[in-house]
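Worksheet: the structure to be examined is printed underneath.
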């Protein structure tokens, strides 16, 4: 075909070729950018994953218990062995039927399966768990004791718990444990003298006309001092024993060890459901704000605004006010005859006690964060024992119904507003914290 003057088809063809070539180049350039240019969000995602891993690794393993400078016998093997026997001895009660293990039951991770503990009578709260208890800084739900051995002194003389007296306790030591006791702590008063004493005798300034207080007042100051020293030493032996109640390795601990070693699957030691729950626990649900560290407890006090708090009252001694929690516990601790500043403590300084302000507004209605170690075995939950299972606990946090009737609810608490499947995942994670029973938790 003869090309006519003015024919532009060839020019158009050439232009089209250049256009196609340009598009190809552009596509290649775009592809190169997509391939070789980093995703702007990848760095942030990597950082977030790194932060999440740091949080996960911070939850395990459980270290040895911290030192207890208030108890010179805290790590004495003989004291721990004696304390082990005393912990399970029902003779340490007014009726010979109640031991420490009555409320702190080994098969329930050293707590009680009832909403309120049952000793000689009914107590006002659920029994705190003792698994890993040596890692706590304050003791009881309201922190009214500041050492393991001081914590032991109250239930022994409480009418609703052991219902015994320091006099009867030292008499028991003399009759059944004298050799073991004296090998650790030195001489007890003579057996003949102890045998003649009124076993009811114990100090009770709140009931100055009571038979047990009058009997105590009849003793000489020297004898009172000797009996109290024996009573305290018994509790220091029990405290040494309780330091042995460490959590054993759980599936979660094995998972963390594998993650720390570089295995992204965590060795498949926990289920994928539990792993999703763990991720929620440390991130979106923010459970880690209070349940942190290897014991999954910040060892501090918070007002959750629980449904039962207005119903829990101390009518006999506190004019029917709602349970005051840490506020009352701090008041009691500061005047406790066995606190860190007392002559019975072996500590050389007590800085934390010196800074304690019982009138701190956030103490009103606040209770200690419990450990989540073996939490599946410690139902029912909260200081009131009002939630029968972990589903009820998570439902409460998911909705946060009502308000605090005393003090104010913890300010950072917000309803989780998670899906039911998310709540089940978090529960699966918490169940992975269960561990085999510590051999020290069994009767000797």
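Every read-out reported here was derived from the displayed coordinates using simple, explicitly stated rules and does not represent laboratory data. The structure displayed is predicted, hence computed values, not measured ones. So basically every Cβ, Gly included, is an ideal-geometry build from the backbone, and we count neighbours across all protein chains shown.
Just a few scattered comments:
- Spin-label pair residue 412-residue 359: with each label point 7 Å from Cα along the Cα-Cβ axis, the two points sit 2.8 nm from one another.
- C-alpha long axis of helix 221-242 to longest principal axis of the chain, angle in °: 30 degrees
- Dmax and Rg, reported as Rg then Dmax, of the range 77-242 (C-alpha, Å): 15.5, 44
- Rounded to 10°, Cα long-axis angle of helix 272-282 versus longest principal axis of the chain: 80 degrees
- Förster radius 45 Å - calculated FRET efficiency between residue 137 and residue 268, Cβ distance, rounded to 0.05: 0.80
- Paired Rg and Dmax values of the chain, which use every Cα atom, in angstrom: 31.2, 140
- Summed over all non-identical Cα pairs, the Kirkwood treatment of the range 53-104 gives a radius of 14.0 Å.
- Cα convex hull of the range 347-444, projected area averaged across orientations, nm²: 10.0 nm²
- Cα-based helix-to-principal-axis angle, 420-431 vs the chain, degrees rounded to 10: 50 degrees
- Each peptide among 280-292, 109-121, 253-265 gets the average number of other Cβ atoms lying within 10 Å of its residues, and from highest to lowest they stand as 109-121, 280-292, 253-265.
- Highest to lowest packing among 403-410, 390-397, 202-209, scored as the average C-beta count within 10 Å: 390-397, 403-410, 202-209
- Expected 222 nm ellipticity per residue - DSSP helices of 4 or more, -39500 (n - 2.57), all of the chain, to 500: -12500 deg cm²/dmol
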